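**Q** Mind looking over this structure? Questions follow.
The values are calculated or read from the model by the stated rules, or taken from the named source; none is laboratory data. No experiment lies behind these values; they were computed from the predicted model shown. Ideal geometry is used to build each Cβ from the backbone, glycine not excepted, and the neighbour counts take in all protein chains shown.
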Amino acid sequence: MLFNRHKSTLPSPDEALPGRAERWFALRDEHVVLGTPVETDTSNIPAGHQVAVFGLGCFWGAEEVFWQKAGVWSTSVGYAGGHTPHPSYEEVCSGRTGHTEAVRVVFDPDAVPYADLVKAFFEVHDPTQGMRQGNDVGTQYRSAIYVLDSAQENVARRLTEIYGAELERRGLGSITTEIAPAPTYYYAEDAHQQYLAKNPFGYRCHANTGVRFPAHT
């Protein structure tokens, strides 16, 4: 990824870049693939739908994974888990904001249960690598599940334990995925939204373990 400074240590709030008071760019109204809003909140999300937020490496390939799933209503990419308000892509990639590249997924739980999204999350990246995914090195590539409520947290922790045990049984290491209450999510610049729909031959990082989620769960 461009601007990767190979930073592997999270900055403290005092060390983080100051950021800015508000977003300085406009977002396209309509999702390039799904035709739904890119920017979503309680005013435009359909009744009964839920939100999930994941960090699993470069958000270009990660977003594509989720918009392809039946039951997903909208996706976007952004920055989460750091200190700098309204960061830019370059600032996040400097390692001086504390954010990880994230995907925000709006989904219908009757069509795709949250647990299925978490299982997909684990299968399409390597959750044992700490501050990296494959050749992408830096704090912005760390693995994270940001939960919106206690039900999501319970599912995330249970499935992390199950998948972690399977990886350790195979000698593939321990899971480093961060599980935490969903922090402020800052939308990434418009060029990054649905990047692979706009650039079909663009970069995809899927440095996964090759291990499917255990079938009995």
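**Q** Quick one: count up the residues across region 78-95 that are surrounded by fewer than 22 Cβ atoms within 10 Å (Cβ to Cβ) and hydroxyl-bearing (Ser, Thr, Tyr).
**A** 3
**Q** Where in region 59-157 are there strands (runs of 3 or more DSSP E), lying wholly inside it, with at least 1 residues that are at pLDDT 95 or above and under 26 Å from Glu168 (Cβ atoms)?
**A** Output list reads 100-107, 143-147.
**Q** Also, quick follow-up: Looking at region 98-115, can you tell me whether even one residue there is crowded, with 21+ Cβ neighbours inside 10 Å, under 26 Å from Gly48 (Cα atoms) and charged (D, E, K, R)?
**A** Yes; the residues of region 98-115 include at least one that is crowded, with 21+ Cβ neighbours inside 10 Å, under 26 Å from Gly48 (Cα atoms) and charged (D, E, K, R).
**Q** Now for a separate question. Can you tell me which condition Gln133 does not meet? The list is (1) touching a Cys at 6+ places or on another chain (Cβ under 8 Å); (2) crowded, with 23+ Cβ neighbours inside 10 Å; (3) over 22 Å from Glu161 (Cα atoms), and all the others hold.
**A** Single failed check for Gln133: (3).
**Q** Taking the stated definitions as given, is Ala52 small (Gly, Ala, Ser), part of a loop (DSSP other than H, G, I, E, B) and modelled with pLDDT of 95 or more?
**A** Working: small (Gly, Ala, Ser): yes; part of a loop (DSSP other than H, G, I, E, B): no; modelled with pLDDT of 95 or more: yes.
Answer is no for this residue.
**Q** Suppose the filter is in a helix (DSSP H, G or I) and among the charged types (D, E, K, R); does Arg204 pass it? Explain how you work it out, then say what you get.
**A** Numbers: in a helix (DSSP H, G or I): no; among the charged types (D, E, K, R): yes.
So Arg204 does not fit the description; no.
**Q** Return a yes/no flag: does region 165-174 have any residue that is buried (at least 17 other Cβ atoms within 10 Å of the Cβ) and within 17 Å of the chain's Cα centre (by Cα).
**A** no
**Q** Under 7 Å by Cβ, and 6 or more places apart or on different chains, what pairs join a residue from region 194-217 that is loosely packed, with under 14 Cβ neighbours inside 10 Å with one that is at pLDDT 95 or above and of a type in the set (Ser, Thr, Tyr)?
**A** Gly202/Tyr195
**Q** Search region 31-69 for residues being out of contact with any strand residue (DSSP E or B) (no Cβ under 7 Å at 6 or more places or on another chain) and farther than 24 Å from Cys205 by Cβ, and hand back the single one that is surrounded by the fewest Cβ atoms within 10 Å (Cβ to Cβ).
**A** We begin by selecting, within region 31-69, every residue out of contact with any strand residue (DSSP E or B) (no Cβ under 7 Å at 6 or more places or on another chain); these are 32-33, 35, 41-43, 47-48, 60-61, 64-65, 68-69.
Applying the additional criterion that residues be farther than 24 Å from Cys205 by Cβ yields 35, 41-43, 47-48.
On the way: Gly35: 8, Asp41: 9, Thr42: 6, Ser43: 6, Ala47: 4, Gly48: 8.
Out of the qualifying residues, it is Ala47.
**Q** Something else: What is the one condition in (1) in a loop (DSSP other than H, G, I, E, B); (2) polar (S, T, N, Q); (3) touching a strand residue (DSSP E or B) at 6+ places or on another chain (Cβ under 9 Å) that Thr9 does not satisfy?
**A** Going through the list (1) in a loop (DSSP other than H, G, I, E, B); (2) polar (S, T, N, Q); (3) touching a strand residue (DSSP E or B) at 6+ places or on another chain (Cβ under 9 Å), Thr9 breaks only (3).
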